Each structure stands twice: as C-alpha cells, then as structure tokens.
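In what follows, a single structure is set out as structure tokens and then discussed.
The values are calculated or read from the model by the stated rules, or taken from the named source; none is laboratory data. All values reported here derive from a predicted model rather than from experimental measurement. When we count neighbours, we look across all protein chains shown, and the Cβ atoms used for this are built from the backbone with ideal geometry, even at glycine. Ligands, DNA and RNA are stripped out before the accessible areas are found, and what is left, the full protein with its side chains, is counted by its heavy atoms. Shrake-Rupley method; radii C 1.70, N 1.55, O 1.52, S 1.80 Å.
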Amino acid sequence: LIEEVARHHGYDKSGRRVPTPEQSGELTPSQQSRRRVRHSLQGAGFSESMPNPFLAPGDIERAGLPYEGIALVNPLVAEESILRTSLLPGMLKVVAYNQAHRAEVIKLYELGRVFLPSDDELPNERDVVAVAEAGFSADDGAAVHATRLLHRLATELGLKGLAVRNAERAGVHPTRAAGVVCRGRVIGEVGEVDPQVLDNYQVTDRMAWLQLDLDPILAALESVPRYK
C-alpha cells in the first residue's frame with residue numbers, strides 16, 4: 001500500500017533519507033517466549049511444519065471436528081477456500097504425505113493461527129502450537145507419548161499449574177483423550193488421534209497429538225521473574 005501511494009505521488013518527489021534508530025533492535029518478550037517454545041520442541045527431536053492455513057471443503061469434518069469454518073468469498077482455488085479452525089487437518093495431510101514417501105517415524109510441530117467465528121466483523125484469531133508424532137508399533141502408546149511430551153515441555157519452560165483431565169475431545173480417540181488445563185482454564189488437548197480420522201486422511205499408523213493455545217503459555221512465560 002505504501003508503494004502504491006508513493007507511485008501515485010511520484011518517486012522523484014520523495015526525499016531520500018536513512019532513518020537513524022534510537023536504539024538497537026531486540027526481540028520482544030513475546031518473540032523470546034515463542035523462540036523458547038520452538039527450541040524446546042526442536043530439542044525433543046521435532047521438525048517444524050508449515051501446512052497451508054486454508055482447507056478444502058470437508059477437511060474439517062474428515063478430521064472429526066465440528067464445522068465452524070469460515071469460507072472465503074473469492075478463493076483462488078476451491079481446495080483452499082476454508083479458514084482452518086484447528087491445526088489437526090493440516091498436520092494429518094503432512095503426516096500422510098510423509099508416510100506415502102516411506103518415512104517411518106514422523107515427529108512434527110507447528111506454531112500457527114486458527115480462525116474461529118465471532119460476533120464481530122472479523123473472525124476470532126488464535127495462535128496455537130501443535131505436535132504430531134506417528135510411527136508407533138502396535139504395543140506403543142501414542143497417548144502416553146503425547147502426555148510425556150506435554151510434561152517435558154512444561155518442565156523445560158518452567159510452566160506451573162498445568163494439569164491433564166480425562167475428557168472426550170473432537171477428533172481424538174474417545175478413550176485416549178484429555179483436556180489440558182492451565183490455571184483453571186482448558187487450553188488444549190492431548191491424546192491419540194481417532195482411528196476413523198486416520199483412515200479418512202489415509203494415515204497408516206497411530207498418531208500422538210498435542211494442541212495448545214499459545215497465548216496462555218506466552219503469558220505464563222512472560223510472568224516468570226528473570227534475573228541478570
């Protein structure tokens with residue numbers, strides 16, 4: 001937009017000056033906390049995934065989630081016409097793609113944004129972190145792996161007050177699912193993805209799943225005293 005204004009005004013009429021910053025740049029507390037979350041997951045052996053934030057019609061339902069998607073008025077392609085409400089559909093596609101290319105053990109995480117309906121003109125945007133792990137043998141517990149990762153993440157980040165409470169969660173195995181509670185508020189889910197959802201996305205192995213709202217985690221990290 002700035003370039004368009006400058007073009008109409010005339011580049012020859014714009015002065016040339018290099019601004020002098022008043023201070024050297026640095027990461028904001030929120031950016032530092034995000035980096036800590038990334039480093040913790042990378043240290044656990046997970047690679048960052050960046051699926052498309054747009055979904056095809058039916059992707060949300062195939063993931064076992066209630067349809068709350070917001071359809072774009074003028075999408076470039078029909079396969080990218082719905083704003084995602086969860087990171088699960090995109091992660092399932094990435095896992096299925098890697099398995100189709102003979103990747104045996106898959107460990108991925110994503111820091112992304114989801115879009116939920118709201119009473120306002122704009123959707124309710126939330127930052128979310130999700131972790132997916134696949135490649136378990138028949139006697140391995142995917143839900144146990146996901147829960148252990150949650151506790152490891154909490155320990156490394158110094159998060160206090162995290163708790164796991166058994167509860168059914170959409171898209172997650174009905175008897176291997178739990179809600180994640182932080183300071184009395186449900187901020188996410190942990191468990192094993194529902195087998196029917198895996199079949200819908202042609203994922204061939206059991207899949208551990210963890211998804212958390214990022215804002216409460218960042219707020220907790222920023223409230224921790226720091227010493228120099």
Problem set entry | Pair list, Cβ under 6 Å, 6 or more apart: region 44-65 residue of a type in the set (Ser, Thr, Tyr), other residue modelled with pLDDT of 95 or more | Ser47/Leu108; Ser49/Val94; Ser49/Leu108; Ser49/Glu110
For this session: Show the residue pairs that are 6+ apart or on different chains and have beta-carbon atoms under 9 Å apart, the first residue being within region 8-30 and of a type in the set (Lys, Arg), the second being surrounded by 10 or more Cβ atoms within 10 Å (Cβ to Cβ) and at pLDDT 85 or above.
Result: Lys13/Ala6
Seminar exercise, completed: All-but-one check, Leu108 against (1) in contact with a Phe, Trp or Tyr (Cβ under 7 Å, 6 or more places away or on another chain); (2) in a strand (DSSP E or B); (3) open to solvent by 30 Å² or more (accessible area, probe 1.4 Å), failing number (3)
